[in-house]
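Structure first, commentary second.
Please treat every number below as a calculation from the coordinates, not as lab data. Quick caveat, the model's predicted, so the values are computed rather than measured. Reconstructed Cβ throughout: ideal geometry from the backbone, glycine too, with neighbour counts over all protein chains shown.
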Amino acid sequence: MLPTLAFLALATLGVQAEPRHGIAMHGEPTLPATFQHFPYVNPDAPKGGRVAYGWPGTFDSVNPFIVQGSAARGSLDLIYGNNVFDTLMMRSADEPFTLYPLVAKTVETDEARSFVEFTLDERAKFSDGQPITPEDVIFTVELLRDKGLPRYGVTARKIAKMEKVGERSVRFTFNEPDRELPLILGLMPVLPRHANDPATFGRSTLKPLVGSGPYVLENVRPGDSITLRRNPDYWAKDLPSKRGFDNYDEIRLTYYRDENAMFEAFKGGLLDAFIEGSSGRWKRQYNFPAKLRGDVVQETFDTKLASGMLGFVMNTRRAPFDDREVRRALASLFDFEWANRNLLSNAYTRTQSYWDNSDLSSHGVKASDGERKLLAPFPDAVSADIMDHGWDAPVSDGTGRDRNFLRAGFDRLKAAGFAMQNGQLTGKNGRALSFELMLKGRDGEQLASAWAASLARLGITVTIRSVDASQYQLRLNAYDYDMIMFNYTSSLSPGVEQMSRWGSASRDVKGTYNYAGANDPALDAMINAMLAAKDRESFRDATRAFDRVLLSNAYVVPLYYLPEQWLGHWSRIERPQATPIYGYQLPTWWRKQ
């Protein structure tokens with residue numbers, strides 16, 4: 001890697017690039033510069049009316065960018081849309097990671113991605129009528145670096161230089177080449193320099209902030225609700241990237257401390273939509289009068305989103321989870337078929353990859369030549385079966401009494417040196433196999449209890465400990481646990497976040513997401529290959545190879561995922577016909593006229 005000064009000299013003097021209408025993480029943007037709208041919108045959607053959403057929890061601040069306070073969701077939210085604060089560029093929900101014009105009309109970078117330059121649309125302005133300038137962009141990065149959430153600081157520290165170029169352009173030169181950083185900066189909001197005081201920005205507030213988005217914050221009822229009113233002078237309403245979006249005159253977001261109360265409000269017509277996450281409720285509680293009349297619709301949306309990995313995470317810093325064979329045996333002993341039938345309404349699919357349901361998954365796929373080349377320096381990193389076809393979860397008969405299923409797991413533990421003594425599975429050191437599973441409150445308690453009961457039949461003792469949120473977080477930060485239940489979310493464009501989850505450098509740093517204590521040079525190499533990939537094929541090879549190493553190490557007991565999205569909504573709101581790969585997009589819906 002070039003020293004910083006030499007790199008900056010090359011970036012400044014020797015780079016040739018051209019302004020483009022879009023930028024993709026890998027390859028080229030799908031849509032041409034002449035595109036008129038995204039393919040998953042109705043460009044002629046009617047405007048008007050009001051929509052009411054709900055959100056669990058409460059709030060004491062309307063500033064979503066800072067640590068202090070509990071910020072109100074809905075003003076800056078991937079589900080309900082970037083309503084108040086426009087970003088430099090607009091992300092397409094129909095491509096893995098591609099940005100198109102919004103505040104910035106063009107983007108420019110080099111092949112190495114050693115810099116990025118955004119040229120602002122001359123029409124772009126804040127809701128108070130003031131134009132958006134390169135100075136505002138630089139101000140925003142500095143403000144969020146110093147006063148914002150930690151993730152903004154992580155991004156800003158990768159920038160060596162920020163400068164205004166010409167009348168309307170702003171250029172970021174990086175400390176070192178970074179394929180993802182131009183897109184991360186493209187998703188940066190722009191805040192007005194004239195309307196924000198850095199000295200007080202970090203304090204929670206109920207005073208609305210000035211943004212440049214399609215809505216302004218009209219009314220705030222602390223802890224209860226916020227109301228957004230469409231800005232009739234919104235500067236970007238006719239841009240191709242915004243056509244078909246932002247169709248309501250008013251958005252009301254009400255907060256509920258209890259999810260059951262929020263569902264009752266939806267049933268009673270107080271909310272227009274309900275994002276469903278409970279299989280039991282989805283299967284059994286949509287029999288209320290409005291649903292039976294046809295006024296409420298249950299819709300299921302198929303997506304191509306990666307599954308992520310929900311599972312019981314084993315802390316390899318502690319015995320017995322420092323033994324990979326023990327971890328592999330335990331990973332094979334979760335009776336998914338019984339749990340799905342008895343606890344999950346048969347609604348879920350067993351997770352067999354960190355990227356199930358997408359083309360990044362290694363499940364059922366033989367390793368390609370590209371994968372084998374990446375893994376060649378690490379001959380013991382991936383087991384032969386996972387190299388050949390990925391990880392296949394053992395399948396039970398679903399009765400909860402499948403002796404063959406338990407016997408197979410028991411045989412794996414015997415091979416790892418355990419034997420039954422006085423009704424307890426005991427290792428060569430004379431210690432019984434036992435561990436504590438720490439849960440946050442009662443989340444996952446029923447599932448954990450069922451698994452513990454299953455393991456008890458093999459002489460394995462599992463103690464389930466439920467702790468409150470603050471204690472849970474303290475113990476997480478210090479890695480003070482044997483096992484936890486955690487959901488590693490996955491995207492179609494995994495990147496630098498994997499270092500904090502699985503990178504060796506994060507293992508002994510308190511407060512990272514490396515909950516399993518991973519410390520494997522093969523994982524580090526695969527992460528670096530993912531970050532360096534320039535085309536989709538090489539990126540897919542690197543991600544699948546990474547997936548295989550994770551599965552071979554069995555850091556997690558894989559549980560399940562939902563391969564679809566569930567949404568209940570009143571028939572008075574309608575949606576476009578097309579569903580993009582990321583699923584339904586509520587900002588493209590409209591009120592029936």
Which whole-Hz couplings ³J(HN,Hα) result when phi for each residue of region 372-379 is put into the Karplus expression 6.51 cos²θ - 1.76 cosθ + 1.60, θ = phi - 60°, listed in order with x for Gly and Pro? 4, 5, 5, 8, 3, x, 10, x
If you line up the long axis of helix 134-147 against the longest principal axis of the chain, both from Cα atoms, how many degrees apart are they, to the nearest 10? 40
Lys534 to Glu163: extension gain in nm, 0.36 nm per residue of separation minus the Cα-Cα distance? 130.9 nm
Using θ = phi - 60° and the Karplus relation 6.51 cos²θ - 1.76 cosθ + 1.60, list the HN-Hα couplings for region 318-324 in order, rounded to whole Hz, with x at every Gly or Pro. 10, 6, x, 7, 7, 9, 4
Report relative contact order for the chain in percent, whole number only (criteria: Cα-Cα under 8 Å, sequence separation at least 6). 20
per DSSP, antiparallel bridges as share of beta bridges in region 309-561, % nearest 5, sits at 60
Give me, ordered by chain and number, the residues 5 or more places off Ile23 or on other chains with an amide H under 5 Å from its own placed amide H. Leu99
Could you sort 143-149, 102-108 so that the peptide with the highest average Cβ count within 10 Å comes first and the rest follow in order? 102-108, 143-149
How far apart, in nm, are the 7 Å Cα→Cβ label points at Lys207 and Ile464? 4.9
I need to check one value: relative contact order of region 283-368, counting alpha carbon pairs closer than 8 Å and at least 6 residues apart, in percent. 35
Any number yet on Rg/Rh for the chain, C-alpha, Kirkwood? 0.98
Sequence neighbours fewer than 8 away in the same chain don't count; with that in mind, list the aspartates and glutamates whose C-alpha is under 18 Å from Lys147. Asp60, Glu135, Asp136, Asp197
How many angstrom lie between the C-alpha centres of region 463-526 and region 397-436? 27
Among 91-99, 320-328, what's the highest-first ranking by average C-beta atoms within 10 angstrom per residue? 91-99, 320-328
